[in-house]
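Undergrad: Handing you a structure now.
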Amino acid sequence: MARKLFVCVIVMVLLAGSACSLAAQEKVQLLHSNWKFRKKGDSLWMPATVPGTVHTDLLANGKIAQPYFGTNETNLQWIENEDWEYICDFFVSIADVKSEGEAVLEFGGLDTYAEIWLNGEKLDSTNNMFRSWAYGVKEKLHSGNNQLAIIFSSAVKRGKAEAKKLRYTLPGDEKIFTRKAQYQYGWDWGPRFVTCGIWKPVKLLFFRPDTFIFAGGLSTYTIEESDVRGQFIAHFDSNPGDTFKVILHNAETDDIYGSIAAAAVYNQTTLDLDFTIKNARLWWCNGQGEPYQYPLRLDLYINGKLAGSEKHRVGFRTIELVQEKDTAGASFYFKLNGKPVFVKGANYIPPSNFLPSVKKYDYELLVADAAKANMNMLRVWGGGVYADDAFYNACDSLGIMVWQDFMFACAMYPGDDVFIENVMAEARQQVKRLDKHPCMALWCGNNEIDEGWKNWGWQKQYKYSAADSASIYDDYKTLFEVRLASIVKSQSKLPYWPSSPSIGWGRPESLKQGDAHYWGVWWGMQPFEIYREKTGRFMSEYGFQGMPPLSTIRSFVPPNETLSLESPAVKHHQKHPTGYQTIQTYMDMYYRKPKDFESYVYVSQLLQARGMRTAIDAHLQQAPYCMGTLYWQFNDCWPVTSWSGMDVNRNKKALQYTVERLYHPKAVSMHHANDTLDVYAHCTGKDSVVRRLELCVYTLKGKLLYTKEIIVEDNLISQRVFRLPLQPFIKKYGADKLHFTIKSKQPQRIPVCSYQLVPPKDLRLAKPKLTLKVFEDKGRGTVVLVSCKKGVAKDVCIYVNSIPLNLDDNFFDMLPGETRILHITSGFNYPNSKDAVKVRSLADTY
């Protein structure tokens, strides 16, 4: 009887939305088979995939064209206005039905407005894509065949109906009334595909009355000097009079960190086990140390016999957001385990418009790309979704800290009780789910809403009365400064930041305190050089567009369309209203007119990389005043011209290769002003070493004019280590004929830094002589050997016309006599590829 009672307790906790361990379950039945769907009212049922979305189900049944191809998106907007029905027949055994235990139906995620019916009886109506749902269904199951039905209502129609209830219009259209991924309604880098469907797993959990229940997890911990002290919480069945002992081990070494023994008084026992790990290994972010996670095992003995075990991987660390007043304003930086960390990373968006198609390894590869690029943080942007568990697990393993937005972006949201309580339930679930990850660094209320309200002209645009304006902003403050803040405070030890950025980019104080989104470049049409003047304390968003690789463009342009900026498909895959015009304006500032479309694609990537290099160099050079740089954006959700460094299939643009060099823990950079070249050395990693650098000055024809050895002691995030007068070189050779490089004279591989004094369009470049050889190296894969025989080759790019090609480095400058050995990491099947590997440089685009 004791065990049955405890099962009921577990079920009630589940129904309340807890994420507690389910060690109690004897049987898990996945309900992912035998699904079919139809448009509500139609007679034709079609096979469906669960987890999935209605768009991908329609595609699989040949009812719609490929959503990403050509301009097909335009013809698929009808889907969002329909209601859709999904049904599934499943079998339950007589033993499961007649058992005295409980049965729980669990939905990981339903998108979004759904009625749930089991055997003709309605269980519930849901209204939040970001929540999980669970129901006790023991009395509703039949032995033999059962039917589960989910009816999805149009989120667009529901949102519009909610909007009509307000006496004023809120910025953000119908999407703000739905707790649903906001980017699905379209963004300036993404298409409009407002999905519905069973987008996460569906499980039927059976609990036996005689099943022994043991569930545990980390409750809290502190780090005192080099020791970790904390508590593990354990739940288990017990009978009065039983003696029990719980022991916390290292699962690999069997070291014991804590134990507790007592006699049971109640039918169920919950206890806190105090533990201590002496000289603990801490979790560190990428570049600062090992992201170590302890393999812990919790063992329960009852009456002297082992009754159950649970395993957990736990990373221990402290993280602080430091904001201290100083002469300029106030700092904004992260301390990890007591050490200030210069943050290097990017903003992450959902990797697809149809999220169930993204698999565990896709998330793992994306996070691995971030780690390879020497990043130590990704910001999960508030207009998407809380990421999959696989994403956070990968961040834990690879040392990528996570700035986590709640899912609100660029709009004002309702303040009624029903909406707020829905959000609170969502927040409680998500904080409980994610807070256990050592990668988690910060919870942020929203993206750009406070800035939008104060700086984007909404109040004038929507002609709010003073009373309405005050009411809307009061609702904002209640949600983001009170309610969400209280949940983080009660359930988490992480810092909370109400809105990113804290101050709009047009206001001078935005650069003196808080985090900054600087969009004077792109939106403000200011030149890249303005980044030096507009560096804030923590640059959490800024960016510039570049086109995806030519092979990606070919994948969505119909064969009967000529590749050009006038192609309907190419136009359609640019979602910013003035995107191509803006790219062209900046291209005219910095580059000569490319000779053809292929060259234009290549130069657009160089332009994007140049802009982000200018920004990141400025941010690093002004450390520790600036202590973080997160560019917009890391990845894409479909094939598109956007701000990303990689396309939707992880094919790298010039930006991604450039960032890998800029974010190196021992990077170097240069900047010139007033006829002086300043050389900077950066140390953003854990090791402080003495470096020997070599600064070289060449003509663009490759003549060596000057060398200087620079000794650097790496003990600062950023330091100016040398200043070179430029006038002698400029007077004799001209600024448009000079090329500067810095490289390491030590054996460790540090990226070469190249620099010129004038924009690329003004350089006196001659076409260099480049040679290329491709061969197979046993054990190392396909190798590319590229050599420069004559002249300085700028922005050397190895490419294949019709298929994607990723290498361990690309888009770099070369000197005469220089040879580089590169490895192809994906996209090319040597020697069976029909396409030849080619090489180009900037001079080839004239």
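The values are calculated or read from the model by the stated rules, or taken from the named source; none is laboratory data. Everything numeric in this text was worked out from a predicted model, so none of it was measured. FYI the Cβ positions are ideal-geometry reconstructions off the backbone, even for glycines, and counts take in every protein chain you see. Only protein heavy atoms, including side chains, enter the accessible area calculation; ligands, DNA and RNA are left aside. Shrake-Rupley method; radii C 1.70, N 1.55, O 1.52, S 1.80 Å.
Undergrad: Hey, THR535 hits all of (1) under 22 Å from THR658 (Cα atoms); (2) open to solvent by 20 Å² or more (accessible area, probe 1.4 Å); (3) in contact (Cβ under 8 Å) with a residue 40 or more places away in the chain but one; which does it fall short on?
TA: So THR535 meets the others, but not (2).
Undergrad: Against the definition (over 26 Å from the mean Cα position of the chain (by Cα), among the hydrophobic types (A, V, I, L, M, F, W, C) and either modelled with pLDDT of 95 or more or within 18 Å of LYS794 (Cα to Cα) (or both)), how does VAL557 come out, yes or no?
TA: So VAL557 fits the description; yes.
Undergrad: Taking segment 231-257 on its own, how many of its residues are in contact (Cβ under 8 Å) with a residue 60 or more places away in the chain and closer than 29 Å to LYS339 by Cα?
TA: Within segment 231-257, residues that are in contact (Cβ under 8 Å) with a residue 60 or more places away in the chain and closer than 29 Å to LYS339 by Cα number 1.
Undergrad: All but one of (1) open to solvent by less than 60 Å² (accessible area, probe 1.4 Å); (2) out of contact with any Lys or Arg (no Cβ under 7 Å at 6 or more places or on another chain); (3) more than 30 Å from SER499 (Cβ to Cβ); (4) not in a strand (DSSP E or B) hold for VAL265; state the number of the condition that does not hold.
TA: (1)
For (1) in contact with a Phe, Trp or Tyr (Cβ under 8 Å, 6 or more places away or on another chain); (2) among the hydroxyl-bearing types (Ser, Thr, Tyr); (3) modelled with pLDDT of 95 or more; (4) open to solvent by 30 Å² or more (accessible area, probe 1.4 Å), each residue gets a yes or a no:
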| position | (1), (2), (3), (4) |
| --- | --- |
| LYS789 | no, no, no, yes |
| VAL796 | yes, no, yes, no |
| ASN801 | no, no, no, yes |
| MET814 | no, no, yes, no |
| LEU822 | no, no, no, no |
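Undergrad: Next question. Just for segment 448-468: of the residues that are of a type in the set (D, E, K, R) and not in a helix (DSSP H, G or I), which one is least open to solvent (accessible area, probe 1.4 Å)? Can you show your working first?
TA: Filtering segment 448-468 for residues of a type in the set (D, E, K, R) gives 448, 450-451, 454, 460, 463, 468.
Narrowing the set further to residues that are not in a helix (DSSP H, G or I) leaves 448, 463.
Working: GLU448: 17, LYS463: 173 Å².
Ranking the qualifying residues of segment 448-468, first place goes to GLU448.
A quick yes/no check of all residues on (1) in a helix (DSSP H, G or I); (2) open to solvent by 40 Å² or more (accessible area, probe 1.4 Å); (3) modelled with pLDDT of 95 or more:
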position: ILE176; (1), (2), (3): yes, no, yes
position: PRO191; (1), (2), (3): no, no, yes
position: VAL194; (1), (2), (3): no, no, yes
position: LEU218; (1), (2), (3): no, yes, no
position: THR222; (1), (2), (3): no, yes, no
position: GLY230; (1), (2), (3): no, no, no
position: ILE233; (1), (2), (3): no, yes, no
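Undergrad: A follow-up question, please. Of the residues PRO639, PRO624, which single one is closer than 26 Å to THR825 by Cβ and modelled with pLDDT of 95 or more?
TA: Of the residues listed, the single one that is closer than 26 Å to THR825 by Cβ and modelled with pLDDT of 95 or more is PRO639.
Undergrad: To continue, here is another question. Of everything in segment 315-327, what is in contact with a helix residue (DSSP H, G or I) (Cβ under 9 Å, 6 or more places away or on another chain) and aliphatic (A, V, I, L, M)? Give them in sequence order.
TA: Once the filter is applied, which keeps residues that are in contact with a helix residue (DSSP H, G or I) (Cβ under 9 Å, 6 or more places away or on another chain) and aliphatic (A, V, I, L, M), segment 315-327 yields nothing.
Undergrad: Is it the case, given these coordinates, that MET525 is free of Cβ contacts under 8 Å to residues at least 40 places away in the same chain and either open to solvent by less than 10 Å² (accessible area, probe 1.4 Å) or part of a loop (DSSP other than H, G, I, E, B) (or both)?
TA: In short, no.
Undergrad: For ASN376, are the conditions met, namely being at pLDDT 95 or above, within 30 Å of GLN231 (Cα to Cα), in contact with a Lys or Arg (Cβ under 6 Å, 6 or more places away or on another chain) and buried (at least 17 other Cβ atoms within 10 Å of the Cβ)? It would help to see each step written out before you state the result.
TA: On the way: at pLDDT 95 or above: yes; within 30 Å of GLN231 (Cα to Cα): yes; in contact with a Lys or Arg (Cβ under 6 Å, 6 or more places away or on another chain): yes; buried (at least 17 other Cβ atoms within 10 Å of the Cβ): yes.
Considered against the rule, which asks whether it is at pLDDT 95 or above, within 30 Å of GLN231 (Cα to Cα), in contact with a Lys or Arg (Cβ under 6 Å, 6 or more places away or on another chain) and buried (at least 17 other Cβ atoms within 10 Å of the Cβ), ASN376 comes out as yes.
Undergrad: For segment 490-512, how many residues meet the condition of being surrounded by fewer than 15 Cβ atoms within 10 Å (Cβ to Cβ) and under 24 Å from the mean Cα position of the chain (by Cα)?
TA: Residues in segment 490-512 being surrounded by fewer than 15 Cβ atoms within 10 Å (Cβ to Cβ) and under 24 Å from the mean Cα position of the chain (by Cα): 1 in total.
Undergrad: Here's something else I'd like to know. Kindly evaluate ALA441 against the criterion of being touching a residue at least 60 places away in the same chain (Cβ under 8 Å) and touching a Pro at 6+ places or on another chain (Cβ under 7 Å).
TA: It is false that ALA441 is touching a residue at least 60 places away in the same chain (Cβ under 8 Å) and touching a Pro at 6+ places or on another chain (Cβ under 7 Å).
Undergrad: Just checking, does segment 451-473 include any residue being modelled with pLDDT under 95, of a type outside the set (Lys, Arg) and on the phi > 0 side of the Ramachandran plot?
TA: For segment 451-473, residues modelled with pLDDT under 95, of a type outside the set (Lys, Arg) and on the phi > 0 side of the Ramachandran plot: present.
Undergrad: May I ask you to say which residue of LYS652, LYS708, LYS737 is modelled with pLDDT of 95 or more and within 30 Å of PRO350 (Cβ to Cβ)?
TA: On the way: LYS708 fails: within 30 Å of PRO350 (Cβ to Cβ); LYS737 fails: within 30 Å of PRO350 (Cβ to Cβ).
It is LYS652.
Undergrad: When the residues of segment 538-565 are narrowed to those that are among the hydroxyl-bearing types (Ser, Thr, Tyr) and open to solvent by 20 Å² or more (accessible area, probe 1.4 Å), which ends up farthest from GLY645 (Cα to Cα)? Step through it out loud before you land on a result.
TA: So in segment 538-565, the residues among the hydroxyl-bearing types (Ser, Thr, Tyr) come out as 540, 542, 551-552, 555, 562, 564.
Filter once more, keeping what is open to solvent by 20 Å² or more (accessible area, probe 1.4 Å): 555, 562, 564.
Numbers: SER555: 18, THR562: 26, SER564: 22 Å.
So, considering only residues that are among the hydroxyl-bearing types (Ser, Thr, Tyr) and open to solvent by 20 Å² or more (accessible area, probe 1.4 Å), the one farthest from GLY645 (Cα to Cα) is THR562.
Undergrad: Suppose the filter is among the basic types (Lys, Arg), in contact with a Pro (Cβ under 9 Å, 6 or more places away or on another chain) and not in a loop (DSSP other than H, G, I, E, B); does ARG313 pass it? Step through it out loud before you land on a result.
TA: Values: among the basic types (Lys, Arg): yes; in contact with a Pro (Cβ under 9 Å, 6 or more places away or on another chain): yes; not in a loop (DSSP other than H, G, I, E, B): yes.
So ARG313 fits the description; yes.
Undergrad: Then there is this: Mind telling me which of the residues PHE722, PHE729 ends up being aromatic (Phe, Trp, Tyr) and touching an Asp or Glu at 6+ places or on another chain (Cβ under 9 Å)?
TA: PHE722
Undergrad: Pairs please, first residue from segment 448-460 and within 16 Å of ASP474 (Cβ to Cβ), second anywhere and open to solvent by 40 Å² or more (accessible area, probe 1.4 Å) and modelled with pLDDT under 95, Cβ atoms under 8 Å, 6+ apart in sequence or on different chains.
TA: From residues that are within 16 Å of ASP474 (Cβ to Cβ), the pairs are TRP453/GLN459.
Undergrad: Please determine whether any residue of segment 235-251 is touching a Lys or Arg at 6+ places or on another chain (Cβ under 9 Å), over 21 Å from ASP435 (Cα atoms), charged (D, E, K, R) and part of a loop (DSSP other than H, G, I, E, B).
TA: No; the residues of segment 235-251 include none that is touching a Lys or Arg at 6+ places or on another chain (Cβ under 9 Å), over 21 Å from ASP435 (Cα atoms), charged (D, E, K, R) and part of a loop (DSSP other than H, G, I, E, B).
Undergrad: Further question: So PRO559 ticks every box in (1) without any contact (Cβ under 8 Å) to a residue 24 or more places away in the chain; (2) touching an Asp or Glu at 6+ places or on another chain (Cβ under 9 Å) but one. Which box is left unticked?
TA: (2)
Undergrad: Could you tell me which numbered condition LYS575 fails, if it satisfies all but one of (1) closer than 25 Å to TRP187 by Cα; (2) open to solvent by less than 10 Å² (accessible area, probe 1.4 Å); (3) in contact with an Asp or Glu (Cβ under 6 Å, 6 or more places away or on another chain)?
TA: (2)
Undergrad: Here is a follow-up. Quick one: which strands (runs of 3 or more DSSP E) lie wholly within segment 610-698 and hold at least 3 residues that are touching a helix residue (DSSP H, G or I) at 6+ places or on another chain (Cβ under 9 Å) and open to solvent by less than 10 Å² (accessible area, probe 1.4 Å)?
TA: 628-631
Undergrad: What number goes with the only condition from (1) basic (Lys, Arg); (2) assigned to a loop (DSSP other than H, G, I, E, B); (3) without any contact (Cβ under 8 Å) to a residue 24 or more places away in the chain that LYS160 does not pass?
TA: Every condition holds for LYS160 apart from (2).
Undergrad: Output the residue which, of all residues in segment 139-157 that are assigned to a helix (DSSP H, G or I) and not small (Gly, Ala, Ser), is nearest to PHE91 (Cα to Cα).
TA: Per the stated criteria, the residue is LYS140.
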